[in-house]
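Note sheet for the following structure.
The values are calculated or read from the model by the stated rules, or taken from the named source; none is laboratory data. Source: prediction; values computed, not measured. Here the Cβ is made from the backbone with ideal geometry for all residues, glycine too, and neighbour counts use every protein chain on show. Heavy atoms of the whole protein, side chains included, go into the accessibility calculation; ligands, DNA and RNA do not. Shrake-Rupley method; radii C 1.70, N 1.55, O 1.52, S 1.80 Å.
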Amino acid sequence: MGIWILNGLTVDVNNVQAKKHILIENDKIAQVVDAASGSTPQTEGHEVIDAAGKLVTPGFIDMHVHLREPGFEHKENIATGTRSAARGGFTTIACMPNTRPVIDTVDTVNYILDKAATEGVIRVIPYGTITKNQLGRELTDFAALKEAGVIGYTDDGVGVQSAQMMKDAMALAASMDMPIIAHCEDDTLVVGAPVSEGSFAKKHGLKGIPNESEAIHVGRDILLSEATGVHYHVCHVSTEQSVRLIRHAKQFGIKVTAEVCPHHLVLSDEDIPGLDANWKMNPPLRTPRDVQAVIEGLEDGTIDIIVTDHAPHSEEEKAKGMMLAPFGILGFETAFSLLYTKFVLTGQWTLGFLVDRMTQKPADVFGLPYGTLEVGRAADITIVDLETEREVLKDEIVSRSKNTPFIGWKLQGWPVVTIASGKVVWS
Ligand code: DOR
Ligand code: ZN
Ligand code: ZN
């Protein structure tokens, strides 16, 4: 018995929209039928999902998430994190290695893959660290980690401070045809600052994180990528300067790709209402000028994909205030509706553009066979209600943590059914 999804609206990158019927059998897409042809499929013996009036897309792909397991299960674990992702319409997520222990050994990769297979509800692909224990001193065993199933190397959470270490990492990754994914942050420029340099920091007498702390690493790493030939992927781009550097590098044919988070596209430091740590993340909310620059960067292809940087922290931790609370906010459950409401409903982006940057494009950047509704591919499908406006309610958050600045926001574009490898995992 399979599942027929009937009369859903599909959209491609050029925003060409078509009504389709889709049959899922086992864990694959078995048939895609143009509904305009008028012929209704034989649904007897199959489950039927009526998707009339709803968007049917490939399941969303999030290449930057923190699941916190092992080590920080009070914030999130693989079971709760994958369910939170499923609620947000995601069917493939790539988890960052700043767990405890960090993902720097084959054993830890195996632990995560086993947990994801037994307790997770969607596909989880781990990253391995660049350096042992993320200390920036010694490279991990890239070959062994690759063999175990990591999709790339990153010390996300911290920047790799030594240029020589980064160059060695890139040379090794290039020789194995693997990407380096970088959290760009120069530690000497940020000490003790909880928010960005800007009007909010000034008003509250806080030290600010300057844009250069990010862009210096972006510039350095672009040069190292050119020297080593590695695929270099820039995490959570937040500054005008980084966008400029990446744009320039791409013009030179350097193998650089980049990602941006919803919060950096819709919020600036001027939106921070007060000293509430649910507005604290790293990189921080920047100035309106930076927000404009990352939007333009995404629109012109300088920035390739959208990721959430889903970073759960407990209420106790976030209650410590702006200075002491850890950096990070939730991402999964509001990503699509936020961007749909702010950019598609306003006419700035097409629906096809938004969907592409959360499905096919991330798959392309990382060479994954997902993010498409082609027959024969994994049945990863998300059905989205584009009509209903709903308030973001704290009580409805599926993540174990609740640290989001978007509670109370009224948004449109809510995933209502998420199907991962042919199984309904959210409805
Ligand atoms: O805001 C952030 N949270 N930025 C990071 O780089 C790390 C992440 C986390 O692990 O909480
Ligand atoms: Zn990061
Ligand atoms: Zn991160």
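If you take the residues of region 279-291 that are closer than 27 Å to Gln251 by Cα, more than 17 Å from the chain's Cα centre (by Cα) and in contact (Cβ under 8 Å) with a residue 24 or more places away in the chain, which of them is nearest to ligand 2 (Cβ to nearest atom)?
Quick first cut of region 279-291, residues closer than 27 Å to Gln251 by Cα only: 283, 286-291.
Still in the running and more than 17 Å from the chain's Cα centre (by Cα): 286-291.
Narrowing further to those that are in contact (Cβ under 8 Å) with a residue 24 or more places away in the chain: 286-287, 289-291.
Details: Arg286: 15, Thr287: 20, Arg289: 22, Asp290: 16, Val291: 18 Å.
The residue in question is Arg286.
Picking from Asn98, Asn15, which residue would you name as being more than 16 Å from ligand 1 (Cβ to nearest atom) and part of a loop (DSSP other than H, G, I, E, B)?
Values: Asn98 fails: more than 16 Å from ligand 1 (Cβ to nearest atom).
Sole residue among the options that is more than 16 Å from ligand 1 (Cβ to nearest atom) and part of a loop (DSSP other than H, G, I, E, B): Asn15.
Per-residue answers, yes or no, for (1) open to solvent by 10 Å² or more (accessible area, probe 1.4 Å); (2) more than 15 Å from Leu55 (Cα to Cα); (3) among the small types (Gly, Ala, Ser):
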{"residue": "Thr359", "(1), (2), (3)": "no, no, no"}
{"residue": "Pro362", "(1), (2), (3)": "no, yes, no"}
{"residue": "Pro369", "(1), (2), (3)": "yes, yes, no"}
{"residue": "Glu374", "(1), (2), (3)": "yes, yes, no"}
{"residue": "Thr388", "(1), (2), (3)": "yes, no, no"}
{"residue": "Leu393", "(1), (2), (3)": "yes, yes, no"}
{"residue": "Glu396", "(1), (2), (3)": "yes, yes, no"}
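Answer with yes or no whether Gly274 is closer than 28 Å to Ala363 by Cβ and open to solvent by 10 Å² or more (accessible area, probe 1.4 Å).
no
Look through region 176-191, keep the residues that are among the aliphatic types (A, V, I, L, M) and more than 16 Å from ligand 3 (Cβ to nearest atom), and return whichever of them is farthest from Ile216 (Cα to Cα).
Going residue by residue through region 176-191, those that are among the aliphatic types (A, V, I, L, M) are 176, 178, 180-182, 189-191.
Of the ones still in play, those that are also more than 16 Å from ligand 3 (Cβ to nearest atom) are 176, 178, 189, 191.
On the way: Met176: 26, Met178: 23, Leu189: 10, Val191: 15 Å.
The extreme case among them is Met176.
Only one of these is open to solvent by 30 Å² or more (accessible area, probe 1.4 Å) and either within 18 Å of the chain's Cα centre (by Cα) or touching a residue at least 40 places away in the same chain (Cβ under 8 Å) (or both): Asn110, Asn98. Name it. Walk me through how you get there before you give the answer.
Values: Asn110 fails: either within 18 Å of the chain's Cα centre (by Cα) or touching a residue at least 40 places away in the same chain (Cβ under 8 Å) (or both).
That would be Asn98, the only listed residue that is open to solvent by 30 Å² or more (accessible area, probe 1.4 Å) and either within 18 Å of the chain's Cα centre (by Cα) or touching a residue at least 40 places away in the same chain (Cβ under 8 Å) (or both).
Condition first: under 18 Å from His236 (Cβ atoms) and open to solvent by less than 20 Å² (accessible area, probe 1.4 Å). Now tell me which residues in region 126-150 satisfy that. Give the steps one after another, and end with the answer.
Keep residues of region 126-150 that are under 18 Å from His236 (Cβ atoms), which gives 127, 129-130, 134.
Of everything in region 126-150, those that are under 18 Å from His236 (Cβ atoms) and open to solvent by less than 20 Å² (accessible area, probe 1.4 Å) turn out to be Tyr127, Thr129, Ile130.
Taking helices (runs of 4 or more DSSP H) that do not extend beyond region 183-278, which have at least 2 residues that are over 26 Å from Tyr340 (Cβ atoms) and either away from ligand 1 (no atom under 16 Å from the Cβ) or under 21 Å from the mean Cα position of the chain (by Cα) (or both)?
Answer list for region 183-278: 199-203, 211-228, 240-251.
Being in contact with a Gly (Cβ under 7 Å, 6 or more places away or on another chain), open to solvent by less than 10 Å² (accessible area, probe 1.4 Å) and under 19 Å from Phe366 (Cβ atoms) is the requirement here; does Ile103 meet it?
Values: in contact with a Gly (Cβ under 7 Å, 6 or more places away or on another chain): yes; open to solvent by less than 10 Å² (accessible area, probe 1.4 Å): yes; under 19 Å from Phe366 (Cβ atoms): yes.
Spelling it out, Ile103 is indeed in contact with a Gly (Cβ under 7 Å, 6 or more places away or on another chain), open to solvent by less than 10 Å² (accessible area, probe 1.4 Å) and under 19 Å from Phe366 (Cβ atoms).
Go over the candidates Val365, Val355 one by one and state the one that is hydrophobic (A, V, I, L, M, F, W, C) and either under 21 Å from Asn7 (Cα atoms) or assigned to a loop (DSSP other than H, G, I, E, B) (or both). Outline the logic, then answer.
Values: Val365 fails: either under 21 Å from Asn7 (Cα atoms) or assigned to a loop (DSSP other than H, G, I, E, B) (or both).
Answer to the selection: Val355.
Please go through (1) more than 16 Å from ligand 3 (Cβ to nearest atom); (2) under 22 Å from Thr239 (Cβ atoms) for Lys320 and return the number of the only condition it doesn't satisfy.
Of (1) more than 16 Å from ligand 3 (Cβ to nearest atom); (2) under 22 Å from Thr239 (Cβ atoms), only one is false for Lys320: (2).
Restricting attention to region 221-240, which residues are away from ligand 2 (no atom under 16 Å from the Cβ) and either buried (at least 18 other Cβ atoms within 10 Å of the Cβ) or acidic (Asp, Glu) (or both)? Outline the logic, then answer.
Step one: list which residues in region 221-240 are away from ligand 2 (no atom under 16 Å from the Cβ), which gives 222-231, 240.
If the condition is that a residue be away from ligand 2 (no atom under 16 Å from the Cβ) and either buried (at least 18 other Cβ atoms within 10 Å of the Cβ) or acidic (Asp, Glu) (or both), then Ile222, Leu224, Ser225, Glu226, Thr228, Val230, His231, Glu240 are the ones that fit.
Against the definition (open to solvent by less than 40 Å² (accessible area, probe 1.4 Å), farther than 18 Å from Pro312 by Cα and either within 16 Å of ligand 1 (Cβ to nearest atom) or in contact (Cβ under 8 Å) with a residue 40 or more places away in the chain (or both)), how does Leu67 come out, yes or no? Give the derivation first.
Numbers: open to solvent by less than 40 Å² (accessible area, probe 1.4 Å): yes; farther than 18 Å from Pro312 by Cα: no; either within 16 Å of ligand 1 (Cβ to nearest atom) or in contact (Cβ under 8 Å) with a residue 40 or more places away in the chain (or both): yes.
Answer is no for this residue.
Limited to region 48-87, what total is found for residues that are part of a loop (DSSP other than H, G, I, E, B) and within 16 Å of ligand 3 (Cβ to nearest atom)?
Taking region 48-87 and keeping what is part of a loop (DSSP other than H, G, I, E, B), we get 51-54, 59, 66-77.
Keeping just the survivors that are within 16 Å of ligand 3 (Cβ to nearest atom) gives 66-69, 71-72, 75-76.
Residues in region 48-87 being part of a loop (DSSP other than H, G, I, E, B) and within 16 Å of ligand 3 (Cβ to nearest atom): 8 in total.
Given the structure, is Ala193 within 16 Å of ligand 2 (Cβ to nearest atom) and surrounded by fewer than 19 Cβ atoms within 10 Å (Cβ to Cβ)? Please lay out each step first, then the result.
Details: within 16 Å of ligand 2 (Cβ to nearest atom): yes; surrounded by fewer than 19 Cβ atoms within 10 Å (Cβ to Cβ): yes.
When the stated conditions are applied, Ala193 passes them.
Output the number of residues of region 160-179 satisfying the condition of being within 29 Å of Lys280 (Cα to Cα), touching a Leu at 6+ places or on another chain (Cβ under 9 Å) and open to solvent by less than 20 Å² (accessible area, probe 1.4 Å).
Selection size over region 160-179: 1.
Within the bounds of region 309-326, is there any residue that is away from ligand 2 (no atom under 15 Å from the Cβ), of a type in the set (Gly, Ala, Ser), touching a helix residue (DSSP H, G or I) at 6+ places or on another chain (Cβ under 7 Å) and part of a loop (DSSP other than H, G, I, E, B)?
Taking region 309-326 and keeping what is away from ligand 2 (no atom under 15 Å from the Cβ), we get 314-325.
If we keep only those that are of a type in the set (Gly, Ala, Ser) too, we end up with 314, 319, 321, 325.
Next cut, touching a helix residue (DSSP H, G or I) at 6+ places or on another chain (Cβ under 7 Å) only: 321, 325.
Add one more test, that the residue is part of a loop (DSSP other than H, G, I, E, B), and what stays is 325.
Scanning region 309-326 turns up at least one residue that is away from ligand 2 (no atom under 15 Å from the Cβ), of a type in the set (Gly, Ala, Ser), touching a helix residue (DSSP H, G or I) at 6+ places or on another chain (Cβ under 7 Å) and part of a loop (DSSP other than H, G, I, E, B).
Can you tell me which residues in region 327-347 are open to solvent by less than 30 Å² (accessible area, probe 1.4 Å), of a type outside the set (S, T, N, Q) and assigned to a helix (DSSP H, G or I)?
Within region 327-347, Ala335, Phe336, Leu338, Leu339, Tyr340, Phe343, Val344 meet the criteria.
Quick one: is Asp156 assigned to a loop (DSSP other than H, G, I, E, B) and within 16 Å of ligand 3 (Cβ to nearest atom)?
Numbers: assigned to a loop (DSSP other than H, G, I, E, B): yes; within 16 Å of ligand 3 (Cβ to nearest atom): yes.
Considered against the rule, which asks whether it is assigned to a loop (DSSP other than H, G, I, E, B) and within 16 Å of ligand 3 (Cβ to nearest atom), Asp156 comes out as yes.
Please state which of the following conditions Ser39 fails to meet, knowing it meets all the rest: (1) in contact (Cβ under 8 Å) with a residue 24 or more places away in the chain; (2) of a type outside the set (D, E, K, R); (3) in a loop (DSSP other than H, G, I, E, B).
Of everything listed in (1) in contact (Cβ under 8 Å) with a residue 24 or more places away in the chain; (2) of a type outside the set (D, E, K, R); (3) in a loop (DSSP other than H, G, I, E, B), Ser39 misses just condition (1).
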